[in-house]
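Visitor: Could you have a look at this structure, given as structure tokens, before my questions?
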Amino acid sequence: MYPGYLLELKDADRRTVTEWVSGAPEKSFWRGITTKDRMVFPVTMYRCERCGFLEGYALPPVGS
């Protein structure tokens, strides 16, 4: 399994890593979906070179 990430495009084609957010999505007028008072972790993906299977983990950043 090789590490990688899922790429997301945000405003003005700004690139960022996919994140896991705790709880159900809650709409926000200005931001689309709010993440206020939620746990947010970057998602690290692993891909099997042989079959292409993807496995993702949402771990807190080191030192937090």
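The values are calculated or read from the model by the stated rules, or taken from the named source; none is laboratory data. Please read these numbers as outputs of a predicted model, since none were measured by experiment. Positions of Cβ are generated from backbone atoms using ideal geometry, with glycine treated the same way; all protein chains shown enter the neighbour counts.
Visitor: Being touching an Asp or Glu at 6+ places or on another chain (Cβ under 9 Å) and of a type in the set (Phe, Trp, Tyr), is that true of even one residue in the stretch 33-44?
Guide: Yes, because at least one residue in the stretch 33-44 is touching an Asp or Glu at 6+ places or on another chain (Cβ under 9 Å) and of a type in the set (Phe, Trp, Tyr).
Visitor: For the structure I just gave you, tell me whether Pro61 is over 18 Å from Met1 (Cβ atoms) and either surrounded by 12 or more Cβ atoms within 10 Å (Cβ to Cβ) or at pLDDT below 90 (or both). Break it down stepwise before answering.
Guide: Details: over 18 Å from Met1 (Cβ atoms): yes; either surrounded by 12 or more Cβ atoms within 10 Å (Cβ to Cβ) or at pLDDT below 90 (or both): yes.
Yes: the conditions hold for Pro61.
Visitor: With the stretch 1-55 as the region, which strands (runs of 3 or more DSSP E) entirely inside it contain at least 2 residues that are at pLDDT 85 or above and surrounded by 10 or more Cβ atoms within 10 Å (Cβ to Cβ)?
Guide: So the answer is 15-17, 19-21, 40-47.
Visitor: List the residue pairs whose Cβ atoms are under 6 Å apart, where the first residue sits in the stretch 12-25 and is under 14 Å from Met39 (Cβ atoms) and free of Cβ contacts under 8 Å to residues at least 40 places away in the same chain, the second is basic (Lys, Arg) and in a loop (DSSP other than H, G, I, E, B), and the two are 6 or more positions apart or on different chains.
Guide: Val21/Arg38; Ser22/Arg38; Gly23/Arg38
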